[in-house]
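Structure first, then comments.
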Number of protein chains: 2
Amino acid sequence: MSDQTKSRRRKRAPRGAEAHHRQIDYTELRSPFPIMKAFSDDRIAAIHTAALNLLETAGIKVLLPEARQILKSAGASVDDESQMVRIGREIVRAALATAPRRVVMKGGRPERDVTLELGRLVFQPGGGTPHASDRLRGRRPGTGRDFRELVQLTHHFDALQMVSALLEPQDIAPSLRHYFMIEAQLTLMDKSPFVYGRGSPQVRESFEMIRDFRGLSDAAFAAEPWSYTVINTNSPRQIDIPMAQGLIDFARHGQMVIVTPFTLMGAMAPITVAGAMTLSHAEALAAITLNQLALPGAPVLYGTFTSNVDMKSGAPAFGTPEHFTASLVAGQLARHIGLPWRCASGAAGAAADAQAANETQFGLWGCLLSGATVVIHAAGWLEGGLTLGYEKLITDMEVLQMVAELCTPTSAADAELALDALAEVQPGGHFFGCAHTMERYQTQFYQPLVADWSNYGRWQETGSQNATERATGIWQGILAAGKRPGTDPARVAALHAYITRRSAEGGAPPES
Amino acid sequence: MSDQTKSRRRKRAPRGAEAHHRQIDYTELRSPFPIMKAFSDDRIAAIHTAALNLLETAGIKVLLPEARQILKSAGASVDDESQMVRIGREIVRAALATAPRRVVMKGGRPERDVTLELGRLVFQPGGGTPHASDRLRGRRPGTGRDFRELVQLTHHFDALQMVSALLEPQDIAPSLRHYFMIEAQLTLMDKSPFVYGRGSPQVRESFEMIRDFRGLSDAAFAAEPWSYTVINTNSPRQIDIPMAQGLIDFARHGQMVIVTPFTLMGAMAPITVAGAMTLSHAEALAAITLNQLALPGAPVLYGTFTSNVDMKSGAPAFGTPEHFTASLVAGQLARHIGLPWRCASGAAGAAADAQAANETQFGLWGCLLSGATVVIHAAGWLEGGLTLGYEKLITDMEVLQMVAELCTPTSAADAELALDALAEVQPGGHFFGCAHTMERYQTQFYQPLVADWSNYGRWQETGSQNATERATGIWQGILAAGKRPGTDPARVAALHAYITRRSAEGGAPPES
C-alpha cells in the first residue's frame, strides 16, 4: 500500500471562510480493490485459444473493402464475395504485441490528462442513449439542450474523469450533429472529447476541430490521443463499415479507440458466460488487429460489455450475477493479453429507483473486482441504455465518489490510533470534544452529495423527499452555477466560424 | 476454485409442470470474494497490541459484580469501587486460545444448521429496530404482529440463513416479551432463534422453551448452540449488567454469543478508523475473555459495527467510505485472532429509496471484501436501525440473492465455451434457437425477485411502479402463502402451556 494517505492528499483551501473545506482529489485514481477471478488461469488460456481458433477457422465478416485489404496484406485469408476474413493467430499475436500497455488521454489542460493502464480506475457517465429523463421534463427524445447539460454535469464531477457519448441529440440534423457534439464538449468541458465513428468525413472534421481548438499542429495532434471513440462490433462476428473505418481512421490519426463487443448472452452471443466471452474476446481481438495493422502502436483499449437477456421476453438485463461474472472473465482476459480495458455497469430498470440503484452498483462492483481500467455507464444509465436519467446520474455519483474515497488509503499511523484520546475519555463519556476529534472533525469524513442522514422527524419536516427527488435540485444547482472551463475566445470564434462555414456547405452525412 | 459448478448444484425438480424450475441452494454459502486489506499487517498487529495495552493499563468498566469476580479469579486487577477491571494480555491470549474457530448453529432441522467459520458467508435481516414500516400501514412502533410477520419473511428466504433480533414488539409487556419472541421464532421458522440477553431470568426461560421444543435434554442442549444472542458493549470501555450476565449465561449453557461493540467514529469512539477499531477491538477482546472464562470453548463470534457520524448534526451514517474501511480493518483483526466474525451493513436513509439501496449495498460490499462470516442488517434496515422496512427488505433480498448466486462457481468446462454454436451461428444471426441455448434457456439465468426488466412502454402499461411499490405485493404474497415449518403439535401445545403458566405467574422482567 502506498504511503500516500488521506491526510496527505487532502488539499486544504487557504485560511478564511473555506479554511476547512474538505477536498479529496478524484482526478487520478488507482484501484485499491483486489482482483476476483471467475475461471482458473488455464480456462482463461483455453478461452483465448478458442477465440484465436474461431478467427482462424470460422473467421469474421468485415464489410469495408479497405479493411479486408489491410487484413489480407497482413496474411489473412479473405473471401471478398462473402466478406469473410480468416485471421491467423500469428497476425493477432503481432497486433497484440504492438498495442500499448499505457495510454495518456490528453485533456484541455494537463490536470485533465487521464492515464490508462492496468491498475488505474476511470469512470464515465452513461452513454449512447436515445432518450433523456428527469423529474421536471419527463422522458423525452434526447435534444441538443440535453446533450449540452449532460456535458456540463460531466464537467462538474471530478469523479467522472472521462466523458462518454452521453445521449443522442436527435433534434440536430445527422449531417451537422458532429459539429454540435464536438463544440459542446470543447467549450463546456475540459475533459477529452468523445468522437463518434460514423464514417471518415465526420471523423476527419471532428479531428480538425479538436486539433485547432487545442492549438496543435497535425503532427502534435497525431502524436497523442486528444479524443477517443468506441468501436462496437456487430455480434456475432461482424465489423460494419463505419466501425471498420473508425478503427483505421483513429489509428492513422493517433486517436484512441476503445474496442467493445456488446454481447448479450442468449441473444447475439451464446447463453453461457464462457461462450459469450469467447465470442466477445474473438471480436475484440479482430478489431484490435485491424486497428494495429492500420498503425502499429496506435492507442487502443480492450473492452467488453457482456450481460444476459431475460429468456422469456428477450429483454436485456444489467447488474445481474451473470453480468458480474462476465466482467470478471473479461478482466482475466484483459490481463491475459496485458492491455488496459473498459468494462461497463448500468441498469435495466425504467425508473430511478432502488432496483436501478442496486443494478448499477452491483454491476459497478463487478467492474471494480475485475480490475477494469475504465467503467462506462457508471452514472445515469437507465432502461438498458435507452435513457440517460439526470436524477439517476446524481444518485450514482454518490456511489462513485464513495468509491473514489476508497482509492485514497486511510492512515494507520500512530496518531490515528488515538491512544491519548482512548485513555482520556472515560467509560460513559464521548469523543465529541476531545483534542483528537477537534483537530480532525471538519475534514475527516466524506461529505455526501445527495444522501440525507437526518432523523425521520427532521426528514419529514423538510418535505419527506426521497433521494431521487432531492437529486433534481442538485443537477439544477450545478447547471445554474454554470461552471465553465477556461477557453480562448479566439479559438472559440474560430471553431464557430469553421462550423458555420461547413454547415453552409451542407455538413457531412454519417456513413453506414 | 471448487469444481462444484452451477450446473451441478442446480437441483431440478421432478419432470412435469415444474420440470425446469431453477433452484440454486442458498443455504450454505462459501465466500468467493477476495480479501481487501485497509492497513498493512504490521499496523494490524499494532492495533491489536494497542488494544491489549488499553485493557491492561486503562482497563474496562464492568458493572456486574459476578463478572468482575470471574475476571479477578483469572488474574485481572479489579477495583470494585470504580468497577474498573484491568485485564492482562496473558488472560486475553488464553481466552482467545480457547475460543472455537468453528461453530455449528443448530436449526430446527439439519438443513437449517449453519456452519460459522472463516470463509463462510451468512446473511441476517436488519435487527433491533423499535419501528416497522411498509407502504400500506406506514411507519409505526413495532408490534407483535410485525415481529411475527418478519419471522415469516425470514423463514421464507433461504439467503437469510440466520435471523436477527428483527424488531421490538412494543405492544407486548416487557416481562412477557421473551415468551412471545421465542414462541414466534420456534413455530413460524425453523432457523436458529435469537434470544435477547436481558438478564438471567428471561434467558433461562428462553433456553427452557427452546430445549423442550427441540426435544433435548439439558446436556444435549448445552452441548451445541441451539440459539444465540448479540452482546453490545457500552462504548467507550464499559460492559453493563445484562450484557455481562449474557456473556456468562450463554457460555455456561453452551449457547452462542456474537460480541459486537457498536462504535460510531467521532461520537462514542475516536474519529479515525484506526482509533475506533482500536477501541472496538479492545472491547470485543474483553467480552470474549469474560465469555471464555465463564466456559472455555463456549461458542463465540468476534464482531464489529463501526461507522461514522455526521460531525455537523451527530447523526449516524451507514454505507459510507469510513464504514466500509472500518469493516476491512475488522476483518483483518478477526483473521489476526483467527475467529469467525460478524460485520454489518445497513442504511441511514429514512426512505426505501435509491439512497438507502446504495448505502446498504455499499456497506454489504465492505462486509464481503472484509471476509465477514455473518453480515447483519443486510436487508430491511432503515434510519440507522430505527425502522425495519418491509419493502426495503424485499429490494435488499434481491441483492443478497444475487450475491448468493456468485457463491456458486460458474462453469468454464469445454461445453460451456459453446464452440459448436459459435461456428454454427453466422454473422447477422442470433443464438436464440441454437441447440446450445435450447438446452439451457430455462435454467441458465438468475430469476429476479422484484426487478422489472420490461421496456418503458410495457412498464408504463403495467402501472409505472417503482421497485419499492412492487415490493409491497411480494411481501404480501409471502405472508399470504403462509409457508410454515413442520412442527410437532404436542411440543407446540407444551410450549403454549409453559407460556400460559409462566405468564400467569407474572413473567420475568428484563434486568438492567
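The values are calculated or read from the model by the stated rules, or taken from the named source; none is laboratory data. Just so it is clear, the structure is predicted and the values come from calculations on it, not from any experiment. Using ideal geometry, Cβ is built from the backbone for each residue, glycine included, and neighbour counts are taken over all protein chains shown.
Answer yes or no: is there a residue in segment B:435-442 that is assigned to a helix (DSSP H, G or I), more than 7 Å from chain A (Cβ to nearest Cβ), more than 22 Å from residue A:329 (Cα to Cα) and not basic (Lys, Arg).
So far as segment B:435-442 goes, yes, one or more of its residues are assigned to a helix (DSSP H, G or I), more than 7 Å from chain A (Cβ to nearest Cβ), more than 22 Å from residue A:329 (Cα to Cα) and not basic (Lys, Arg).
A quick yes/no check of all residues on (1) under 30 Å from residue A:433 (Cα atoms); (2) modelled with pLDDT under 95; (3) hydroxyl-bearing (Ser, Thr, Tyr):
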position	(1), (2), (3)
B:271	yes, no, no
B:276	yes, no, no
B:280	yes, no, yes
B:300	no, no, no
B:311	yes, yes, no
B:318	yes, no, no
B:331	yes, no, no
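Regarding residue A:46, is this residue modelled with pLDDT of 95 or more, surrounded by 18 or more Cβ atoms within 10 Å (Cβ to Cβ) and over 27 Å from the mean Cα position of the chain (by Cα)?
Yes, satisfied.
So if I check each of A:334, A:357, A:350, which one is farther than 17 Å from residue A:260 by Cα, in contact with a strand residue (DSSP E or B) (Cβ under 8 Å, 6 or more places away or on another chain) and surrounded by 24 or more Cβ atoms within 10 Å (Cβ to Cβ)?
The match here is A:350.
Taking strands (runs of 3 or more DSSP E) that do not extend beyond segment B:104-190, which have at least 2 residues that are within 22 Å of residue B:225 (Cβ to Cβ)?
Correct list: B:114-116, B:120-123.
Looking at segment B:295-323, which of its residues are outside any helix (DSSP H, G or I), within 14 Å of chain A (Cβ to nearest Cβ) and not β-branched (Val, Ile, Thr)?
Of everything in segment B:295-323, those that are outside any helix (DSSP H, G or I), within 14 Å of chain A (Cβ to nearest Cβ) and not β-branched (Val, Ile, Thr) turn out to be B:307, B:308, B:310, B:311, B:312, B:313, B:314, B:315, B:316, B:317, B:318, B:319.
Report, by residue number, each residue of segment A:367-393 that is in a helix (DSSP H, G or I) and either among the acidic types (Asp, Glu) or at the interface with chain B (Cβ under 9 Å from one of its Cβ atoms) (or both).
Within segment A:367-393, A:368, A:369, A:383, A:384, A:391, A:392 meet the criteria.
May I ask you to verify whether residue B:211 is modelled with pLDDT of 95 or more, closer than 21 Å to residue B:251 by Cβ, in contact with a Ser or Thr (Cβ under 9 Å, 6 or more places away or on another chain) and charged (D, E, K, R)?
So residue B:211 passes the test.
Looking at A:446, A:498, which is the one that is at pLDDT 95 or above, touching a Pro at 6+ places or on another chain (Cβ under 6 Å) and among the aromatic types (Phe, Trp, Tyr)?
Going through A:446, A:498 in turn, the sole match is A:446.
Residues that are within 24 Å of residue A:190 (Cβ to Cβ), among the hydrophobic types (A, V, I, L, M, F, W, C) and out of contact with any Phe, Trp or Tyr (no Cβ under 6 Å at 6 or more places or on another chain): find the helices (runs of 4 or more DSSP H) completely inside segment A:452-512 holding 2 or more of those.
A:467-481, A:489-504
Being away from chain B (no Cβ under 11 Å), crowded, with 19+ Cβ neighbours inside 10 Å, in contact with a Ser or Thr (Cβ under 8 Å, 6 or more places away or on another chain) and within 30 Å of residue B:406 (Cβ to Cβ) narrows it down to one residue among A:54, A:116; which is it?
Within the list A:54, A:116, the selection yields A:116.
Out of B:287, B:274, I need the residue that is under 22 Å from residue B:89 (Cα atoms), part of a helix (DSSP H, G or I) and in contact (Cβ under 8 Å) with a residue 60 or more places away in the chain. Which one?
Only one candidate passes the filter, namely B:274.
When you look at residue A:451, is it surrounded by 13 or more Cβ atoms within 10 Å (Cβ to Cβ) and either touching a Ser or Thr at 6+ places or on another chain (Cβ under 6 Å) or on the phi > 0 side of the Ramachandran plot (or both), yes or no?
No, not satisfied.
Any chance you could count how many residues in segment A:324-358 are closer than 27 Å to residue A:99 by Cα and either facing another protein chain (nearest Cβ under 7 Å) or part of a helix (DSSP H, G or I) (or both)?
Of the residues in segment A:324-358, 14 are closer than 27 Å to residue A:99 by Cα and either facing another protein chain (nearest Cβ under 7 Å) or part of a helix (DSSP H, G or I) (or both).
Is it the case, given these coordinates, that residue A:416 is charged (D, E, K, R), over 22 Å from residue A:391 (Cβ atoms), over 34 Å from the mean Cα position of the chain (by Cα) and at the interface with chain B (Cβ under 8 Å from one of its Cβ atoms)?
Yes.
Could you pull out the residue among B:109, B:101, B:68 that is surrounded by fewer than 18 Cβ atoms within 10 Å (Cβ to Cβ), out of contact with any helix residue (DSSP H, G or I) (no Cβ under 7 Å at 6 or more places or on another chain) and either among the β-branched types (Val, Ile, Thr) or over 27 Å from residue B:368 (Cβ atoms) (or both)?
Matching residue, one of B:109, B:101, B:68: B:109.
Determine, yes or no, whether residue B:285 is at pLDDT 95 or above, surrounded by 24 or more Cβ atoms within 10 Å (Cβ to Cβ) and under 17 Å from the mean Cα position of the chain (by Cα).
Here the answer is no, as residue B:285 does not meet what is asked.
Let's see how each residue does on (1) away from every other protein chain (no Cβ under 14 Å); (2) assigned to a loop (DSSP other than H, G, I, E, B):
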{"site": "A:226", "(1), (2)": "yes, yes"}
{"site": "A:233", "(1), (2)": "no, yes"}
{"site": "A:243", "(1), (2)": "no, no"}
{"site": "A:249", "(1), (2)": "yes, no"}
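Looking only at segment B:57-77, which residues are of a type outside the set (S, T, N, Q) and not in a loop (DSSP other than H, G, I, E, B)?
B:60, B:61, B:62, B:65, B:66, B:67, B:68, B:70, B:71, B:72
Filter segment B:351-399 for residues that are over 15 Å from the mean Cα position of the chain (by Cα), acidic (Asp, Glu) and more than 19 Å from residue B:138 (Cβ to Cβ) and give the result.
Across segment B:351-399, the qualifying residues are B:359, B:398.
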